1. Compute the length gained on full extension between E165 and W204: take 0.36 nm times their separation in residues and subtract their Cα-Cα distance, giving the result in nm to one decimal.
2. How many nm is it between the label spots at E388 and W286, if each spot is 7 Å from the Cα in line with the beta carbon?
3. Put a dot 7 Å past each Cα toward the Cβ at N408 and H115; how far apart are the dots in nm?
4. Taking loop as defined by DSSP and a crowding limit of 12 other beta carbons within 10 Å, which GluC sites (Glu not before Pro) in region 236-278 fit?
5. Take L419, project a point 7 Å from its Cα along the Cβ direction, then tell me which residues of region 300-332 have their backbone nitrogen under 17 Å from it.
6. Distance in nm between label sites at T194 and T343, each 7 Å beyond Cα in the beta-carbon direction?
7. List, in the order given, every pair from K92/K220; K213/K296; K213/K314; K139/K220 whose Cα-Cα distance in the structure shown is over 25 Å.
8. On a full-extension model of 0.36 nm per residue, what is the gain between S395 and N361, subtracting their alpha-carbon distance, rounded to one decimal in nm?
Amino acid sequence: MKLKRTGYLSFRSELRGREKEERSLKEKTILLMALLILMVVAPLLNISEAGTLWTIEIVDTGEDVGADYSLALDSSGYPHISYYGNTSYDLKYARWNGSTWNIETVDSSEYAGSHSSLALDSSGYPHISYWDGWNGNLKYAVGTEIPPTGSIVINSGDVYTSSAEVTLNLTYSATAASVTEIRLSNDGVWDTETWEAPAPSKAWSLNSGNGEKTVYYQIKDSAGLVSSTYYDTIVLDTTDTTPPTGSIVIDEGEVTSSVSVTLTLSASDAESGVSQMRFSNDEVSWSSWDTYATSKVWNLSAEPGLKSVSVQFKNGAGLDSVIYSDSIEFFEALSFNVTVGDTDYVVETCSSSSVSDFSFNQDLRRLRFTVDGTSETSGLCNVSVPAELMSGPFSLYMDDEPLFESVNYTRIFNGTHNLFSVTYTHSSHIIELFSTEVVPDFAGWLFMPFLVLAGMAALALKKKFRK
């Protein structure tokens, strides 16, 4: 057994020696070729001294380390390298995080790791193929330990700011560890920046001077892994000190029966332009900032009554306007069915008053209803009457007193309906609407010819008997 063990050690030592000689010869050959290429290319590039176009640093130290390397760049442009440790005879992996190299051993099996080839997938996971020299096998390794991730947003996503003092909104998470520290930078060079406890929001000072500013952000987890560098930009403009001005109109009217209204908007800013707007029904809870437009569909609160909608505009420098508002009366629409013969007609009212005692009298060509409200307050009642039910010149009365168009009420015909809007001072009022024409009662109209014929027949018989 001792002889066999001695033979094994001798063979192993000889194998290591041969491998080392082969690598040494290979490295010398590569170095010689690099020197020859440099001698040819350097005059063409006008390089006065070696290294002036390169930033060179040591990734890993140790005797005879770094052979059979493979390089890949991640989405942030940071290098990842797989390589063979000739002294430790294992496969190693190094990743640059923006400030330092993270180095780990992938496979510590003896003579495993030569001839490595590295690639990164779309999620940033490293994949390495390599040779296991002791067992003579091709091997494959994939890294599943992912550095922490996060995001940074300056001033809630504003494009401009008029102040160098901003607020950073930060997110951070780690897959198999916990986030322990973060750091921030105005230049992206991680030299004097210190690590600090993570927080979702942080006050920050931009570099002075107008123009586009960038804030950089990194995250570290409890495993020591450092994220890629995240960043956001904002334009600093301290010259624009005048906020925008504007206006708002709701549905271009004074009353609506729908909670969904259209806002007509106008805003201007002579210096940096109008960029965003936001809305509120109570000036307490606001919508998120949205891109400025001249119209907006908006929902009122559901309870009937006087409704107000407010708007604020933001200019390109990040300055907010004063609050502009408009009001509209919102009343639920009431529908009343009028049946004539076999046909139903719908009359709708939308009023600040309660509407009751609705009736239709075909013989009198009259609609009649009662409105009630808080005494001495202003009242408004809109009535929509199908033209198929009532048409022709109209007369309106309140409490048996005539109303005058353009004084006490207005009328609009939209092609299918006559729309009346009556104003008054609240108490209890009876409103009557008369027309010159109403829909005929088709059942009675059809019966009339029979009555006429019967009458003519009776008259003929009477004359016959007289003879």
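Only the coordinates and a few stated rules stand behind these numbers; no lab work does. The structure displayed is predicted, hence computed values, not measured ones. Glycine also receives a Cβ, built like all others from the backbone with ideal geometry; neighbour counts cover every protein chain displayed.
1. Details: separation 39, 0.36 × 39 = 14.04 nm, distance 0.59 nm.
Here the answer is 13.5 nm.
2. A separation of 5.0 nm, rounded to one decimal place.
3. Inter-label distance under the simple model: 10.5 nm.
4. Values: sites: E252, E254, E271; in loops: E252, E254, E271.
Here the sparse-neighbourhood loop sites are E252.
5. 328-332
6. Result: 8.7 nm between the two label points.
7. Details: K92/K220 22 Å; K213/K296 32 Å; K213/K314 19 Å; K139/K220 31 Å.
Table pairs above 25 Å Cα-Cα are K213/K296; K139/K220.
8. Values: separation 34, 0.36 × 34 = 12.24 nm, distance 1.47 nm.
This chain segment gains 10.8 nm when fully extended.
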